[in-house]
Each structure stands twice: as C-alpha cells, then as structure tokens.
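The numbers here are math on the coordinates, done by the rules we state, and not lab data. From a predicted model like this one, the values you see are computed outputs, not experimental measurements. Using ideal geometry, Cβ is built from the backbone for each residue, glycine included, and neighbour counts are taken over all protein chains shown.
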There are 2 protein chains.
Amino acid sequence: MMDATDIKIIEALRENGRMTMKELGKKVHLTGQAASSRVIKLEEEGIIEGYTIRVNERAMGNPVHCFLQIFTNSLHHKPYFSFLETRQEYVRNNYKISGEACYLLECRFPSNEELDQFLIQLNEHVSYKLSIVIRG
Amino acid sequence: MMDATDIKIIEALRENGRMTMKELGKKVHLTGQAASSRVIKLEEEGIIEGYTIRVNERAMGNPVHCFLQIFTNSLHHKPYFSFLETRQEYVRNNYKISGEACYLLECRFPSNEELDQFLIQLNEHVSYKLSIVIRG
DNA sequence: CAAGAACACTTGATTTGTGAAAGGATTATG
DNA sequence: CATAATCCTTTCACAAATCAAGTGTTCTTG
C-alpha cells in the first residue's frame, strides 16, 4: 500500500506542505508529475487529510496555553459540549479519554483574565483540574 | 500590525495551506499578488511559522493515541529527556506543565504492545498516569 | 512461454500561477 | 501644500502544474 517513497513524501510535506511538486520530486528522485500523482493518491486514500499552516499562537495574541482535565458530575455531557461550542475561539482540542478524567481539553487564551472568565463559566457545567503549559 | 484581512488569510490557510494565492485573494477580495505579499509579510513576522500536512495517524499505522502525566521522583530530568530522544517516533509533544504532574506527554503507537513496551521502559525513569484517547 | 493487462513512471504541450517592476490611490507627515 | 509611505493593481516574463500520450516493467493468465 505505502512504500518508502510515500513515507519520504509525507515527511517532506510535514516539513513543508507548500513545497512544489518539482522540489518534492527532486527529494524523492522522481519527476514532479510522478510525485504529484503519488500525492494525489495519498490524498484519495485519506492518508494526507489536508494542508495547513503552523501559526505562532503567541504572535496571534494567545500566549496562555493550558490543558484541563474535565470531570463531569452529571450524567449529561451536552451542556458541556454546548458550552464548548460557544467558546470555539479558545478551544483547540477536546479529547475523550480513559483514566480519571472524562475529557482532556486543550485551550489557548490571550491572557489569564480570559482564562479565568472561561473557568468560571466552565465550572457551571463540570469540574476541572487545570494545567498551564510552561513550555511546549 | 494585523488587520481583519490578515486574520481571514490565516483562517483560510489553516483550512487549506496549499491554496493558490489567486484563490486566497478571491476569498479576501484582493488580487493574488496582494494576497501573496501579505502572506510573505506574515511569514517574515513569524506569525505563519510554516506549512504542513494533516496526516491520518490511523492510516499511517499509529491508531493508539495517549496522554501521559509524568511525575519525576528524582531531581534530574535528563534521563527522562534522553529516553524521549530515543523514542521520537512515538512522541508527539512533551509539555512542561503546572499542576500535579511535571510533564504532559502526548504519544502515538501502532498498538498496545508498543505502548506497553514504552511504558515499561518509561517507568525506569519516571512515574506516570496514563490516559488513552477514545475520541479526538 | 508468451500475450496482455495493470501499474508507475517519463516526456512534451498547454494552461495556470508566481514574482518582479511600474504605476495609481490613499493616508500620514513635515 | 508637497512629500513620503503604504498598499493595492496591472502587466509581463518565467516557473510550475496539469493533461495526454507514450514507454517500460511487472504480474497475471491462458
């Protein structure tokens, strides 16, 4: 299904997803066209899900990075999900996990004030344990 | 520094980082060239750190996704870091965090067997609490 | 063993996108 | 009021992507 060249292609595109097919071809010893058709195949197979950018969240004004272990007392998780919907700007990931907590929520905030506001409102629906990222 | 158009550009590129400048320009009501020069500026300012792909980790053969809270008994964290170095293929992120644990370690594994091996060796250096991601 | 389908790649022609230079509109500045 | 700075557009030359054949290799199958 996938061979060594495909792996190299994925590694190359992970580093620079905007590389031209010609460049990519050079890296894996193929013509641009051959590289391109392999990439199209990887996209069709769903291995490459899409192209995106790495954004400096600090420069974007969201320096406060944190993880929250979420503990739901109630049996109904919907209020929590609904709340997250309304705070999409802050939420980066919400993982349903095994272990003590029900969810692991990853967020970004402009400052501790916004974080505090978020926590106050979050606490209306669930309990949490907060971990702030000191260094990524 | 950044205006509404820049925000739109970043949102558009987050969704599709390989979009042509012409397309991008259309989205934000600019010519391709104007869009391009804004993108170059955002790159130079370090707001756009780079371009990459979203890879389907399941299709890539790493369906087991987990987070580990790391507790270091010893005062020396170096053995732990050295260990991580030798297991880069599995490690996605290692966040230094506030809270109960010292680090939050995000990993991917092909199967529970590899995870188990990893945990056995990890345990030679630190204690941990394991959370497996049920749903991203 | 040979025919032929399937596959992956290359080549060449055409379309499309990119980058550089020049020029115009708007806004700030002495 | 003149000047500079900023940001945009237009134009054009060049580079890259795409499309359509065409080639060679491998694998299957009669």
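Figure legend. Inter-residue proximity from the range A:67-88: first residues surrounded by 13 or more Cβ atoms within 10 Å (Cβ to Cβ), second residues assigned to a loop (DSSP other than H, G, I, E, B) and aliphatic (A, V, I, L, M), beta-carbon distance below 7 Å, spacing 6+ or different chains. Indicated pairs: A:69/A:101; A:70/A:101; A:70/A:126; A:71/A:101; A:71/A:126; A:72/A:126; A:80/A:126.
Given the structure, is residue B:76 within 11 Å of DNA strand D (Cβ to nearest atom) and farther than 24 Å from residue A:54 by Cβ? Considered against the rule, which asks whether it is within 11 Å of DNA strand D (Cβ to nearest atom) and farther than 24 Å from residue A:54 by Cβ, residue B:76 comes out as no. Report yes if some residue within the range B:30-40 is in contact (Cβ under 8 Å) with a residue 12 or more places away in the chain, surrounded by fewer than 16 Cβ atoms within 10 Å (Cβ to Cβ) and more than 16 Å from DNA strand C (Cβ to nearest atom); otherwise report no. No, that holds for no residue.
Could you please tell me which pairs satisfy a Cβ distance under 6 Å, a separation of 6+ or placement on different chains, a first residue in the range A:110-136 that is charged (D, E, K, R), and a second residue that is surrounded by 12 or more Cβ atoms within 10 Å (Cβ to Cβ)? Once the first residue is charged (D, E, K, R) and sits in the range A:110-136, its partners that are surrounded by 12 or more Cβ atoms within 10 Å (Cβ to Cβ) give A:129/A:69; A:135/B:96. Residue count for the range A:116-136, restricted to those that are within 24 Å of residue A:58 (Cβ to Cβ) and of a type outside the set (Phe, Trp, Tyr): 11. Is it the case, given these coordinates, that residue B:61 is closer than 30 Å to residue B:6 by Cα and either within 14 Å of another protein chain (Cβ to nearest Cβ) or in a loop (DSSP other than H, G, I, E, B) (or both)? Criteria not met by residue B:61.
Conditions (1) part of a helix (DSSP H, G or I); (2) within 12 Å of DNA strand D (Cβ to nearest atom); (3) within 12 Å of chain B (Cβ to nearest Cβ); (4) hydroxyl-bearing (Ser, Thr, Tyr), marked per residue:
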| position | (1), (2), (3), (4) |
| --- | --- |
| A:11 | yes, no, yes, no |
| A:14 | yes, no, yes, no |
| A:25 | yes, yes, no, no |
| A:29 | no, no, no, no |
| A:35 | yes, yes, no, no |
| A:43 | yes, yes, yes, no |
| A:50 | no, no, yes, no |
